Amino acid sequence: MSIDLKLENLDKLFPDNFTQEQVAKAKTLFLKQLALTAHKFYGGKMQTAPKAGVFGFNWFNVWYTPGVSKISTTIRDDNDTSFDLSNRGNLVAVVSDSTRVLGDGNCTPPGGLGVMEGKAFLMKYLGGVDATALCIDSRNAAGEHDPDVIIDFVKRLQPSFGAINLEDISQPNCYKVLDTLREECDIPVWHDDAQGTGSVTVAGLINALKVAGKEMGDVRIVMLGAGASNTTIARLMIKAGADPQKMVLFDTKGSLSFNREDLKADPRFYRKWELCESTNPEAFPDMATACKGADVLIALSKPGPDTVKPEWISVMAEKSIVFTCANPVPEIYPYAAKEAGAYIVATGRGDFPNQVNNSLGFPAILKGALMVRARKITDEMAITAARSLARFAEEKGLSTEYIIPTMEEAGVFPYEAADVAMQAIKDGVARIKMTRKEAYASAQKDITYARSMTDNLIANDFIKEPPVDLIEAALKSAIDEVS
């Protein structure tokens, strides 16, 4: 193939006379157009494939009737044997009503399939976990998106799965859905937009603070956006040692504080009101004021590139840390944030350094939970995953351009999964016990299998390489639009 799509080579695809802003815009357009044509070429990203073989005609009678009757009656008499005798023990349902897909808002239930298949793709390749996308219509008889519809659906679904990954559910419904299902289901229910993003952001922050020579409990943190992601990031940061009195969050109506009577009066936003009570005692009036002297800015809000203003960053403290993680376009591009004075910059994108993206978390966290058949994923498991990611990167050597592992570092996923499994056992939510060595080996085996299977499908031409002209057309389209 004549076009190299490696991270470090993407910028080189564009004309030398392009400005940094033009290159950043062209990359986004190129990746979007390539996604469209590549998805059409493959017909999506996932398929169902058997893990058992047919070694003669009578194996049909083993895998189906009459032999399979023994499987049904064995599971009937002890439901937990379903984890061993079926794929349930390594199977995740990715459930969404597609009401808040990335930065694109309500995309209708089928509109979320691209993202949910993407989660399944990453779970398999990075975590050795099987997953299936289930995009549902959450509207009730009155036509309103109803959290109880999702709750009922997941409860009825759980006998077929080892875990549930909730995704792209708008607030405030997402809070009730997660908190109810975490307590009432007998398998882990995980909201990746919230807990996953929270875990990986905390990991990046732990190491960014080390590079900057600052302590978690001492820094002043400003957060732009107060949806499921940032409210959970705030909660996990506080558990990891951040001082809530030195933290302020902004939503579209201003800062969260004791003055927000609108949130106090609406019980659906109870998670946001909890932060109103515990953070921002100064009741900062606006972002410009809050950012003066702040050490950290974490934005998960409206896609940019002009959502975060350079002048906000320019008044932050020395060696400031800026995470702008909106997708598909960060609130400010990294080059612009650095020009404004940021010391360390992270985004949610893989084509920039320091990708703080939940793809580093959920494949391994879910794998760790599945290996010990956890009944839930605790906040302590999420924080353990954060510290595991941070430690793995630190062992490699930290810098302003490397505060967190990349998805290309295959070794991070069994490492993190094993740590999460151990925390599940410690928290008393695991059905079975194993040593960390056993957990690491099990995760490594499944991840190696998944990657090898994909590699073999490519090598044997079952997965064909996209035609070069398809990629070239996407590139030309992006260059033409920006020129």
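Does residue 303 qualify as being in contact (Cβ under 8 Å) with a residue 24 or more places away in the chain and out of contact with any helix residue (DSSP H, G or I) (no Cβ under 8 Å at 6 or more places or on another chain)? Working first, answer last.
Values: in contact (Cβ under 8 Å) with a residue 24 or more places away in the chain: yes; out of contact with any helix residue (DSSP H, G or I) (no Cβ under 8 Å at 6 or more places or on another chain): yes.
For residue 303, the condition - in contact (Cβ under 8 Å) with a residue 24 or more places away in the chain and out of contact with any helix residue (DSSP H, G or I) (no Cβ under 8 Å at 6 or more places or on another chain) - is met.
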For this session: Mind checking which helices (runs of 4 or more DSSP H) fall wholly inside region 32-131 and carry at least 1 residues that are touching a residue at least 12 places away in the same chain (Cβ under 8 Å) and either on the phi > 0 side of the Ramachandran plot or of a type in the set (Ser, Thr, Tyr) (or both)?
Result: 82-85, 113-127
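Right, residue 7: at pLDDT below 95 and either among the hydroxyl-bearing types (Ser, Thr, Tyr) or under 30 Å from residue 352 (Cα atoms) (or both) or not? So that I can check it myself, show each step before the final result.
Numbers: at pLDDT below 95: yes; either among the hydroxyl-bearing types (Ser, Thr, Tyr) or under 30 Å from residue 352 (Cα atoms) (or both): yes.
For residue 7, the condition - at pLDDT below 95 and either among the hydroxyl-bearing types (Ser, Thr, Tyr) or under 30 Å from residue 352 (Cα atoms) (or both) - is met.
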For this session: Counting only residues that are under 19 Å from residue 303 (Cα atoms), give me the strands (runs of 3 or more DSSP E) lying completely in region 155-239 with at least 3 of them.
Result: 221-224
For this session: Scan (1) of a type outside the set (Val, Ile, Thr); (2) free of Cβ contacts under 8 Å to residues at least 12 places away in the same chain; (3) touching a helix residue (DSSP H, G or I) at 6+ places or on another chain (Cβ under 7 Å) for the single condition residue 178 breaks and write down its number.
Result: (2)
Problem set entry | Pair list, Cβ < 9 Å and 6+ apart or interchain, from region 250-270 residues that are assigned by TED's automatic domain parsing to the domain that holds residue 290 and part of a strand (DSSP E or B) to residues that are surrounded by 15 or more Cβ atoms within 10 Å (Cβ to Cβ) and acidic (Asp, Glu) | none
For this session: Just one of (1) surrounded by fewer than 16 Cβ atoms within 10 Å (Cβ to Cβ); (2) in contact with a helix residue (DSSP H, G or I) (Cβ under 8 Å, 6 or more places away or on another chain); (3) more than 24 Å from residue 345 (Cβ to Cβ); (4) not basic (Lys, Arg) trips up residue 428, so point out which.
Result: (2)
Exercise. Considering region 123-152 alone, what residues qualify as being under 22 Å from residue 368 (Cβ atoms) and surrounded by fewer than 20 Cβ atoms within 10 Å (Cβ to Cβ)?
Worked result: 125, 132
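Do we find that residue 410 is among the aliphatic types (A, V, I, L, M) and crowded, with 20+ Cβ neighbours inside 10 Å in this structure? Spell out how you get there, then give the answer.
Details: among the aliphatic types (A, V, I, L, M): yes; crowded, with 20+ Cβ neighbours inside 10 Å: no.
Judged against the criteria, residue 410 is not a match.
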For this session: Could you please find all residues in region 288-317 being under 22 Å from residue 24 (Cβ atoms) and surrounded by fewer than 23 Cβ atoms within 10 Å (Cβ to Cβ)?
Result: 302, 303, 304, 305, 306, 307, 309, 310, 311, 314
For this session: Within region 265-314, count every residue that is more than 23 Å from residue 242 (Cα to Cα) and at pLDDT below 95.
Result: 9
For this session: State whether one or more residues within region 346-359 are part of a loop (DSSP other than H, G, I, E, B), under 21 Å from residue 246 (Cβ atoms) and either touching a residue at least 60 places away in the same chain (Cβ under 8 Å) or over 24 Å from the mean Cα position of the chain (by Cα) (or both).
Result: yes
Problem set entry | From the options 369, 382, residue that is crowded, with 24+ Cβ neighbours inside 10 Å and closer than 25 Å to residue 326 by Cα | 382
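The values are calculated or read from the model by the stated rules, or taken from the named source; none is laboratory data. As the structure is a prediction and not an experimental result, all values here were calculated from the model. Here Cβ is always computed from backbone atoms with ideal geometry, including for glycine, and neighbour counts include all displayed protein chains.
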